[in-house]
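Structure record follows, encoded as structure tokens.
The values are calculated or read from the model by the stated rules, or taken from the named source; none is laboratory data. Here the structure is a predicted model, which is why all the values come from computation and not from measurement. Heads up, the Cβs are rebuilt from the backbone with ideal geometry, glycines too, and the neighbour counts pull from every protein chain shown.
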Amino acid sequence: MTLSEEDLVRYKASLATLESPATLENIQDKLFCQDVFTALPNVPDQSIDLLFADPPYNLTKSFNDRKFKKVSTDDYAVWLDSWLSLTVRLLKPSASVYICGDWRSSAAIQRVGEKYFISQNRITWEREKGRGAKSNWKNCSEDIWFFTVSENYYFNVDAVMLKRQVIAPYIDRNGEPKDWSETENGRFRVTHPSNLWTDLTVPYWSMPENTDHPTQKPEKLLAKIILASSREGDLVFDPFNGSGTTTVVAKKLGRRYLGVEIDENYCCFAQKRLELASTDRSIQGYVDGVFWERNSKNISRKAAKTKA
Ligand SMILES: C[S@@+](CC[C@H](N)C(=O)[O-])C[C@H]1O[C@@H](n2cnc3c(N)ncnc32)[C@H](O)[C@@H]1O
């Protein structure tokens with residue numbers, strides 16, 4: 001996806017900021033283009049059901065004209081604390097909080113997260129891309145810490161089942177399939193999702209969701225988190241919204257959204273994606289209410305084609 005000159009003019013004109021304490025109605029289904037530190041104080045108390053934060057990691061990286069510099073783990077923890085502490089007031093007692101990081105940022109995320117919340121899990125997902133290194137292991141995984149405000153939280157495992165192709169089709173004593181089913185397109189098993197996610201693809205040039213944001217998350221990743229940890233109509237908040245993935249997936253799945261992002265260009269991408277989500281609710285890799293293992297939807301399509 002690209003932005004034409006005309007897109008930029010149109011979307012820039014529509015960008016807003018949150019300048020004073022707001023009501024719930026003022027922040028629902030909204031995207032604000034500003035520094036998170038100026039937005040957070042204006043979000044109403046206990047308004048958020050799900051917080052998904054994908055902040056700059058503890059790496060030296062540029063986001064258009066803003067550069068984030070790698071610092072010590074202690075200094076990164078101080079920075080995390082400076083904004084995470086401001087989110088506590090905004091969360092409902094039943095809210096869930098997910099925070100993304102790479103291996104270097106992960107320890108600080110756990111430390112600061114546990115200052116305010118109860119840690120429930122750490123998801124590790126396989127990030128296919130990643131440069132090889134001459135004197136170290138190639139980095140191709142990332143973490144997402146899952147916290148909750150209390151032990152009274154919502155989690156819908158049935159909404160995030162994984163559909164896998166069956167390699168070894170066990171049968172029971174009566175000759176019946178064990179935990180799998182024969183379909184006209186092949187043999188599949190629907191399994192519970194674990195905290196190791198290997199079915200994701202980082203957006204690349206031919207995927208409709210792809211933008212030029214350097215660290216865009218896959219829509220499929222957000223779909224898992226939003227479906228598991230929110231109900232339809234809940235308010236999902238992303239304070240580092242980037243190209244808009246969280247807000248777009250929340251919209252596609254019938255949740256309300258709030259996004260904050262400091263960079264105008266990324267906000268324009270988010271606006272364009274939100275506009276497209278009004279007519280196209282599809283999420284690559286999530287079909288018929290289940291998450292398909294990477295490539296298995298293709299296998300099923302191929303099988304269907306061969307039979308036709
Ligand atoms: C890791 S990226 C998020 C990517 C996003 N999840 C997506 O799928 O596109 C972090 C984002 O935080 C934004 N950012 C950094 N500092 C910020 C601040 N103080 N306030 C708001 N946004 C900020 C950056 O511009 C960047 O787009």
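Quick look at the values:
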{"quantity": "Identity of the residue in segment 72-100, assigned to a strand (DSSP E or B) and not hydroxyl-bearing (S, T, Y), that ends up nearest to the ligand (Cβ to nearest atom)", "calculated": "C100"}
{"quantity": "Scope segment 267-305; condition of a type in the set (G, A, S), at pLDDT 95 or above and over 14 Å from T245 (Cβ atoms); matching residues", "calculated": "S278"}
{"quantity": "Every pair of residues 6+ apart whose Cβ atoms lie under 8 Å, when the first sits in segment 111-134 and is free of Cβ contacts under 8 Å to residues at least 60 places away in the same chain while the second is among the acidic types (D, E)", "calculated": "V112/D81; K115/D81; I118/E151"}
{"quantity": "Test: residue in segment 17-34 that is touching a Cys at 6+ places or on another chain (Cβ under 7 Å), free of Cβ contacts under 8 Å to residues at least 24 places away in the same chain and within 16 Å of the ligand (Cβ to nearest atom)", "calculated": "yes"}
{"quantity": "W137 vs. criteria aromatic (F, W, Y), over 30 Å from A22 (Cβ atoms) and without any contact (Cβ under 8 Å) to a residue 60 or more places away in the chain", "calculated": "yes"}
{"quantity": "Residue in segment 174-188 that is within 19 Å of I99 (Cβ to Cβ), in contact (Cβ under 8 Å) with a residue 40 or more places away in the chain and of a type in the set (G, A, S) present", "calculated": "no"}
{"quantity": "Top-ranked residue in segment 35-69 [being modelled with pLDDT of 95 or more and among the β-branched types (V, I, T); ranked as nearest to the ligand (Cβ to nearest atom)]", "calculated": "V36"}
{"quantity": "Flag for R104 being over 18 Å from S229 (Cα atoms), more than 19 Å from the chain's Cα centre (by Cα), more than 13 Å from the ligand (Cβ to nearest atom) and surrounded by fewer than 21 Cβ atoms within 10 Å (Cβ to Cβ)", "calculated": "yes"}
